[in-house]
Amino acid sequence: MKISKTTAYWIKDNQYYNIDPGSHIEYIIKNPKLFNLTKNDIEYYFRLYNESLGVEGKAREAILYRLFKNHWIRMRTRGYKITFETSIFKNNSEIISDFLEYLIDNHIVYESDVVKFIIGGKVWKEKVEQIIRLYDYKSRKELIK
């Protein structure tokens, strides 16, 4: 496993937004239009939960939930851990598979690395190679039909 530093991305529709340095919520606050939000939308959540802007608490969770429902994917590597978080895997499986191939091509991860998925609050782990194979198998099956 090559991962030795923290890497973080927002992913949507095969567009990869590297947020380093910084946190996912900081990136949202700095780029609300990218996420189809306004500054007022973001401030509303922090007021609702009586939290300071940018704090990683309940307001952040509510904003992330909203983004996940709109098919955004949060990705973070920390040390030797790779984590993807979203609300639905089925609609995002191709994007995740393509992104994993991008990470392999850029020597950020290897096929033997294990990825943790948090999908709609449920957690499971899988090897990178299995995720890529699963999607490639489904793609080939669709081409045959």
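The values are calculated or read from the model by the stated rules, or taken from the named source; none is laboratory data. Here the structure is a predicted model, which means the values were calculated and not measured. For neighbour counting, all protein chains shown are included, and Cβ atoms are generated from backbone atoms with ideal geometry for every residue, glycine included.
Structure above, values below:
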{"item": "Matching residues in the range 81-99 - criterion: being closer than 15 Å to Ile118 by Cβ and either crowded, with 20+ Cβ neighbours inside 10 Å or modelled with pLDDT of 80 or more (or both)", "result": "Ile82, Thr83, Phe84, Glu85, Thr86, Ser87, Asn92, Ile96"}
{"item": "All positions within the range 29-44 that are more than 19 Å from Ser87 (Cα to Cα), out of contact with any strand residue (DSSP E or B) (no Cβ under 9 Å at 6 or more places or on another chain) and surrounded by 12 or more Cβ atoms within 10 Å (Cβ to Cβ)", "result": "Ile29, Pro32, Asp41, Ile42, Glu43, Tyr44"}
{"item": "Given (1) at pLDDT below 95; (2) crowded, with 19+ Cβ neighbours inside 10 Å, index of the condition Ser23 fails", "result": "(2)"}
{"item": "From the options Lys58, Lys116, Lys69, Lys122, residue that is over 19 Å from Lys12 (Cα atoms) and out of contact with any Leu (no Cβ under 9 Å at 6 or more places or on another chain)", "result": "Lys122"}
{"item": "The one condition in (1) modelled with pLDDT under 90; (2) touching a helix residue (DSSP H, G or I) at 6+ places or on another chain (Cβ under 6 Å); (3) basic (Lys, Arg) that Arg78 fails to fulfil", "result": "(2)"}
{"item": "Selected residue (only one of Arg47, Arg78 is surrounded by fewer than 13 Cβ atoms within 10 Å (Cβ to Cβ), over 20 Å from Phe35 (Cα atoms) and basic (Lys, Arg))", "result": "Arg78"}
